[in-house]
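Participant: Shown below is the structure under consideration.
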Amino acid sequence: MKHQEPHILLINPWITDFAAYNFWIKPLGLLYIVSLLKGNGFRVTLIDCLDFQIKTKKYGDGNFLKTEIEKPLPVKSIPRKFSQYGIPEEIMLKRLSNIEEPDLICVSSGMTYWYPGVFKVIEIARKFFKKAPIILGGIYANLCYEHAKEHSGVDIVFKGSRESEILKLISDLTHKELITHNSKLSIDDLPYPCFDLYPQLNYVCITTSRGCPFKCTYCASPFLSNSFSRRDPLNVVKEIEYWTTTRYQVNNIAFYDDALLIEPLKHFIPIMKEIIRRGIHCNFHTPNALHIKEIDEEVADLLFRGGVKTVRLGLETSNETIQIATGGKVDNQEFRQAIKSLKRVGYSGEEIGVYIMVGLPGQRVGEAEESIAFVNEIGARPILVEYSPIPHTPLFEKAKKNSQFDLENEPLFHNNTILPCQGEGFTMEDLKRLKKKLRR
């Protein structure tokens, strides 16, 4: 009988939340692992529970299929409907019933408060494949490691972000020797993520770097990736060319970088110049926000001519004291100059989305109103982002003291929809009023 290589089932779970929208969401880390496994001779099956949109807009973003479900007990009192986003459950069950018994199951995880969807996937997979060990990795698994160990029901909770480490773990569990022996794969050593497993590609996501050199107090990037590294600009362009000019003909690419514009002369500028030189036509999107202080006339011109359609800037606040206290990545003068440069090259104010963070621990509504007024005055579009308390960030301890919820023990309370740090100075009614005002 012919020897068969180990079969690995990889699952990206549903989102379970009060609200969700597909701003170019793909499980990029999981897709890199799929590619590495294939390259090492493993047989793989991917089920992405989020690969189901009911409405797709011109740039590839859109609405997930939404199925209302019962609210988890800790958030029962929240007066909002709770839903599961992604493929219908019957499709998931059918896919599982049609695949060969896996030797190992790998489940990814996103936001900490999405864990009910993760647990549901684990429970279903366990019922189908009782013998297969299950590994849980991803953001929730790293940020809430003890919670995941105690409650998820998996065999192993993987804590780490290096592909080489998870690859070795899978090798050890399946007793299959790896072809790739490099224990420290660099970001340039990785194969392209396995987007080719999707039946239809409205967009792909790309990362040109890992980590972030800034230490913003509300952000988990330094914890999840303890160093900052970047790909060779030419390798980035080669991948973009691959997805846009081969049989995939992708028209939309979202940059997943936390620090795309850092030291632009070394990185972003050569990438965009080469994209323009090669005549690559694509719509680019920056949902993770661009660093404002790096946007001068040259960078703005390359953003515009290179095809960046979704420009998002991370101002967070116009209060200069809070800017310094939360990381000092930008000041108001740098913001004014960036907007001026972006408008000069051809962007309209409406096309420039500026993130304003609301619901920070101890924040008063007046500070948020001032930030909104400041962005409007400069001539850009304010976008409210509700603060989500994230474990292992400097601001988390302050959030625990300011919150009426048990942030330490219940990740569902990290959900920004419930405004975890609301108080007398900033209420849920204040937030509704601000949102209503911005919709006018």
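Values in this text are rule-based calculations from the coordinates and carry no lab data. Every value quoted in this text rests on a predicted model; they were computed, and no experiment measured them. Using ideal geometry, Cβ is built from the backbone for each residue, glycine included, and neighbour counts are taken over all protein chains shown.
Participant: Take K168 and decide whether it is in a helix (DSSP H, G or I), farther than 29 Å from I295 by Cβ and basic (K, R).
Facilitator: In short, yes.
Participant: Right, another one. For the list (1) closer than 15 Å to V204 by Cβ; (2) part of a helix (DSSP H, G or I); (3) in contact with a Phe, Trp or Tyr (Cβ under 7 Å, 6 or more places away or on another chain), I need the number of the one condition that V250 fails.
Facilitator: It fails just one condition, (2).
Participant: If you don't mind, another one. Suppose the filter is in a loop (DSSP other than H, G, I, E, B) and either acidic (D, E) or in contact (Cβ under 8 Å) with a residue 40 or more places away in the chain (or both); does A259 pass it?
Facilitator: In short, yes.
Participant: Sticking with this one: Looking at (1) among the charged types (D, E, K, R); (2) in a loop (DSSP other than H, G, I, E, B); (3) surrounded by fewer than 16 Cβ atoms within 10 Å (Cβ to Cβ); (4) touching a residue at least 12 places away in the same chain (Cβ under 8 Å), can you tell me which one K130 breaks?
Facilitator: (4)
Participant: Follow-up question, since we're still on this one. How do the pairs read when you match residues in region 232-254 that are at negative phi with residues anywhere that are part of a helix (DSSP H, G or I) and among the polar types (S, T, N, Q), using Cβ under 6 Å and keeping only pairs 6 or more apart or on different chains?
Facilitator: From residues that are at negative phi, the pairs are V250/T244.
Participant: Which condition number in (1) touching a Lys or Arg at 6+ places or on another chain (Cβ under 7 Å); (2) outside any loop (DSSP other than H, G, I, E, B) is the one that D188 fails?
Facilitator: The single condition D188 does not satisfy is (2).
Participant: Next question, about the same structure. When D103 is evaluated against the numbered criteria (1) farther than 29 Å from V250 by Cβ; (2) surrounded by fewer than 19 Cβ atoms within 10 Å (Cβ to Cβ); (3) charged (D, E, K, R), which criterion, by number, is the only one it fails?
Facilitator: Failed condition: (2).
Participant: For region 399-430, how many residues are touching a helix residue (DSSP H, G or I) at 6+ places or on another chain (Cβ under 8 Å) and either within 15 Å of G359 (Cβ to Cβ) or not in a helix (DSSP H, G or I) (or both)?
Facilitator: Looking only at that region, the number is 20.
Participant: Does E241 satisfy being of a type outside the set (A, V, I, L, M) and part of a helix (DSSP H, G or I)?
Facilitator: Yes.
Participant: If K149 meets every condition in (1) in a loop (DSSP other than H, G, I, E, B); (2) free of Cβ contacts under 8 Å to residues at least 12 places away in the same chain; (3) of a type in the set (K, R) apart from one, which number is that one?
Facilitator: (1)
Participant: Based on this model, can you work out whether V375 counts as out of contact with any Pro (no Cβ under 9 Å at 6 or more places or on another chain), surrounded by 17 or more Cβ atoms within 10 Å (Cβ to Cβ) and of a type in the set (V, I, T)? Spell out how you get there, then give the answer.
Facilitator: Working: out of contact with any Pro (no Cβ under 9 Å at 6 or more places or on another chain): no; surrounded by 17 or more Cβ atoms within 10 Å (Cβ to Cβ): yes; of a type in the set (V, I, T): yes.
No; evaluated as a whole, the condition is false for this residue.
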